[in-house]
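Here is the structure we will look at, set down as structure tokens.
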Amino acid sequence: MALPFHQLVIASGNAGKLREIQHLLSPLALEIIPQSKLNVPECAEPYCTFIENALAKARHASQHTGLPALADDSGLCVDSLQGAPGVLSARYAGEPKSDERNNQKLLEVLGDSTERIAHFYCVMVLVRHANDPEPLIAEGQWVGEILKEYRGQDGFGYDPLFLDAKTGKTVAELSLDIKSRISHRGHAMAKLLQKLERLSHE
């Protein structure tokens, strides 16, 4: 795929997310640069939708670096909690951010409820420059349910509590290769790569 750019800034400071995105982008002839390496300050995420926050983060990183930028905004949405924690997934239990406290709060809020259907949602936004009027946008979803106790050692965020129905495993029990194929982030990236493929032929 011959892209019109050779460097791409990833607008995230989340080590787990960076690892997954770099893995998904590995087939491309791109230099992937975490925004931390270019001293990009953290971007505010004041919006109530994933897409608005992703767009803000991508534009922010591109504006600070002068390079194309990719942002991912994703989170866990629990049906019985009206979509919570949603865009507040990383800060569900407040500041400072803590996966452990977020998971504990989710278990406490759900309690003994049997209504535990949930999905991970991801939106990816790629801008070629800060004022790109046609950002590339792709979405992905991963349906499962929330367990009552942790399982697995890998992953990050809510991975030890999120059970994938098809494999019968939590996300924290899946290899990175399998997770990349079936996850919300994997689905969003596949759609984004299709859009990049079309872009490369324009």
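The values are calculated or read from the model by the stated rules, or taken from the named source; none is laboratory data. Just so we're clear, the structure is a prediction, and the values are computed from it rather than from any experiment. All Cβ positions, glycine included, derive from the backbone under ideal geometry; neighbour counts span all protein chains shown.
Take the residues of region 41-71 that are surrounded by 16 or more Cβ atoms within 10 Å (Cβ to Cβ) and at pLDDT below 95: which is nearest to residue 183 (Cα to Cα)? Only one residue fits best here, namely 45. Of the residues 101, 116, the single one that is of a type in the set (Lys, Arg), touching a helix residue (DSSP H, G or I) at 6+ places or on another chain (Cβ under 9 Å) and farther than 28 Å from residue 137 by Cα is 116.
Residues checked against (1) among the hydrophobic types (A, V, I, L, M, F, W, C); (2) in a helix (DSSP H, G or I); (3) over 17 Å from residue 126 (Cβ atoms):
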| position | (1), (2), (3) |
| --- | --- |
| 13 | no, no, yes |
| 20 | no, yes, no |
| 27 | no, no, no |
| 32 | yes, no, no |
| 41 | no, no, yes |
| 48 | yes, no, yes |
| 56 | yes, yes, no |
| 59 | no, yes, no |
| 63 | no, yes, no |
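Annotation note: Cβ proximity below 6 Å between a residue of region 108-133 that is of a type in the set (D, E, K, R) and a residue that is surrounded by fewer than 17 Cβ atoms within 10 Å (Cβ to Cβ) and not in a strand (DSSP E or B) (sequence gap 6+ or interchain) occurs for 115/80.
Considering 113, 80, the condition of being part of a helix (DSSP H, G or I), farther than 26 Å from residue 24 by Cα and not hydrophobic (A, V, I, L, M, F, W, C) is satisfied by 80 alone. Scanning region 175-202 for residues that are in contact with a helix residue (DSSP H, G or I) (Cβ under 7 Å, 6 or more places away or on another chain), of a type outside the set (A, V, I, L, M) and modelled with pLDDT under 90 returns a single hit, 180. Within region 152-176, the residues that satisfy the criterion of being in contact (Cβ under 8 Å) with a residue 24 or more places away in the chain and of a type outside the set (A, V, I, L, M, F, W, C) are 155, 157, 158, 160. Any chance region 170-183 includes a residue that's assigned to a helix (DSSP H, G or I), touching a strand residue (DSSP E or B) at 6+ places or on another chain (Cβ under 9 Å), closer than 18 Å to residue 102 by Cα and of a type outside the set (Val, Ile, Thr)? The answer is yes, given that some residue of region 170-183 is assigned to a helix (DSSP H, G or I), touching a strand residue (DSSP E or B) at 6+ places or on another chain (Cβ under 9 Å), closer than 18 Å to residue 102 by Cα and of a type outside the set (Val, Ile, Thr).
Is at least one residue of region 52-75 touching a residue at least 40 places away in the same chain (Cβ under 8 Å), among the β-branched types (Val, Ile, Thr) and within 20 Å of residue 184 (Cα to Cα)? Checked region 52-75: no residue is touching a residue at least 40 places away in the same chain (Cβ under 8 Å), among the β-branched types (Val, Ile, Thr) and within 20 Å of residue 184 (Cα to Cα).
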